[in-house]
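**Student:** Below you'll find the structure I mean.
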Amino acid sequence: MVTLARAPHEAAGGETPLEAELRRIAGSVPDPELPVLSLTELGVLRAVHTLGPGRVEVELSPTYTGCPAIEAMSTDIERVLHEHGVPDVTVRPVLSPAWTTDDITPEGRRKLREFGIAPPRTTRAPAGPVAVALGPTRHTGGPGGTDGTDPADGTDAIACPHCGSTDTELLSRFSSTACKALRRCLACREPFDHFKELR
């Protein structure tokens, strides 16, 4: 059980030890659509603020506007914090800064790969407006490609999570959830989900 008797902020603009502990607890909640990842590993948990005795506000970013999982995430965060002795929990959606797939932690990317889902490529895009373009359906870096990029468009190649080959093709832009695409490896012939990049 967490004791909520501390002052809301012990350091100006900084996170208190209590807030860090509450963020750790809330961040351990599994994502409802990808339970292999915690909310911390997915990068959607932005902050936890103590507002007073027994009152906590959690900032949570949806992966995209209208994401149906945000309600389940909020309910699960409220439940786990109630179980740890926090009576009044408010989960507030935060749209700015917008979540991107670059927010997924290295541990989250490793877990996606081990679960059989190709993690999103790092966008390395500058801040600002995002150009939308349809990419190639086939990525052919070949097994153990020379620099890890797709010669068709210069982007990072999408590696098969089963065998590691970057010789893959797009089967469908949407898979089991809107944030994933369905691909097939042309080396081992296995289909796999690819967590699509979002800048």
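**Student:** Would you pick out the residues in the stretch 40-61 that are surrounded by fewer than 19 Cβ atoms within 10 Å (Cβ to Cβ) and either modelled with pLDDT under 95 or out of contact with any strand residue (DSSP E or B) (no Cβ under 8 Å at 6 or more places or on another chain) (or both)? Break it down stepwise before answering.
**Tutor:** Going through the stretch 40-61, the residues surrounded by fewer than 19 Cβ atoms within 10 Å (Cβ to Cβ) turn out to be 40, 46-47, 49, 51-55, 57, 59.
Once the filter is applied, which keeps residues that are surrounded by fewer than 19 Cβ atoms within 10 Å (Cβ to Cβ) and either modelled with pLDDT under 95 or out of contact with any strand residue (DSSP E or B) (no Cβ under 8 Å at 6 or more places or on another chain) (or both), the stretch 40-61 yields THR40, LEU51, GLY52, PRO53, GLY54.
**Student:** Hey, could you check the stretch 73-113 for residues that are at pLDDT below 95 and of a type in the set (Ser, Thr, Tyr) and say which is nearest to PHE195 (Cα to Cα)?
**Tutor:** THR101
**Student:** Identify the residue in the stretch 162-199 that is under 18 Å from THR101 (Cβ atoms) and small (Gly, Ala, Ser) and, among all such residues, is surrounded by the fewest Cβ atoms within 10 Å (Cβ to Cβ).
**Tutor:** SER176
**Student:** Now for a different question. Quick check on my filter: what residues within the stretch 74-99 are crowded, with 18+ Cβ neighbours inside 10 Å and either in contact with a Ser or Thr (Cβ under 6 Å, 6 or more places away or on another chain) or in the same structural domain as PRO119 (by TED's automatic domain parsing) (or both)?
**Tutor:** VAL91, TRP99, listed by residue number.
The values are calculated or read from the model by the stated rules, or taken from the named source; none is laboratory data. Note that the coordinates shown come from a computational prediction; the quantities given were computed from them, not determined experimentally. Reconstructed Cβ throughout: ideal geometry from the backbone, glycine too, with neighbour counts over all protein chains shown.
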